[in-house]
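Here the structure comes first, spelled out in structure tokens, and everything after it is commentary.
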Amino acid sequence: MTHPQHSSTNNLPGVFICGKEDLKDLLKLDKNEILRYLSYNDTSLDEEMDKLIDSCMEEIMEISQYKYIYSIFDVIDTGSFLSLSNSTIELRGKAIREHLKSSKYVGVMAVTLGVEVENKIKYYGKVNLTRGVILDSCAAALVEVLCDYVEDKIKDLALGQGLNITSRFSPGYGDLPITTQSQILNSLNASRLIGLNVSESSILLPRKSVTAFIGLDKNVKKTIRKCSSCNLFATCQFSKGGNDSCAR
């Protein structure tokens, strides 16, 4: 069920959406994306593994809970950092300032596949390790699909006001502190509304969850992010495939 609350159709800040729809018949998993997470390609798959991946794709779509929340805020430049109106969110770092340099508004989003996904991955890790690894990769791909779904909602909202959007930008990317996670969840009341929490080390719980910022304004546009700007560039398995192999 979706519960929209709008302060005004002509006043983006204050728009607030919390969604808990059953999206398994709407969202589509890309098998090639799952193979990328697994470091497979079509030619290296045998029939048994191919069927196992298909089975895991079906399972992840069935057990995921597809919860999300987003709200729109004014951007306030304090000089030393960016803050978002009527929230506790402080955006510190050069990368996020550059990303939002032309944005008057920011959409703040949080999505999760729910705790059942995490529990099932842990279960298979004990009784069927191969299936657990594949299901984990399916979940990683699916949470990005859910992010795309919510991003499209924000884009439609922006276009309705004659605005464009930037690409997503998450805590931990560039020099934006991962500790920003807690500020996002507090400002969106995400714990109560979608069951999304954060650990003392700023890890989202359940783990198959994402938070992100999207800039909105007339003159902004989506940009391709570079892996070399990511804090995980030195250790990420995907960055070994090239500078843009993981960028979205």
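The values are calculated or read from the model by the stated rules, or taken from the named source; none is laboratory data. Only a predicted model underlies this, so the values are computations on that prediction, with no experimental measurement involved. Because the Cβ atoms are built from the backbone with ideal geometry, glycine has one as well, and the counts that use them run over all protein chains shown.
Data overview
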item	result
Complete set of residues in region 45-94 that are under 17 Å from residue 120 (Cβ atoms) and either hydrophobic (A, V, I, L, M, F, W, C) or crowded, with 16+ Cβ neighbours inside 10 Å (or both)	52, 53, 56, 57, 59, 60, 61, 63, 64, 65, 66, 67
Residue check for residue 246: more than 18 Å from residue 100 (Cβ to Cβ), assigned to a loop (DSSP other than H, G, I, E, B), at pLDDT below 95 and within 15 Å of the chain's Cα centre (by Cα)	yes
Flag if residue 98 is surrounded by fewer than 22 Cβ atoms within 10 Å (Cβ to Cβ), of a type in the set (D, E, K, R) and either touching a strand residue (DSSP E or B) at 6+ places or on another chain (Cβ under 7 Å) or closer than 21 Å to residue 27 by Cβ (or both)	no
Test: residue in region 70-83 that is touching a helix residue (DSSP H, G or I) at 6+ places or on another chain (Cβ under 9 Å), assigned to a loop (DSSP other than H, G, I, E, B) and modelled with pLDDT of 95 or more	yes
Any hit, region 42-52, residues being modelled with pLDDT under 95, closer than 17 Å to residue 139 by Cβ, out of contact with any Ser or Thr (no Cβ under 9 Å at 6 or more places or on another chain) and part of a loop (DSSP other than H, G, I, E, B)	no
Criterion (without any contact (Cβ under 8 Å) to a residue 12 or more places away in the chain and on the phi < 0 side of the Ramachandran plot) met by exactly one of 47, 21	47
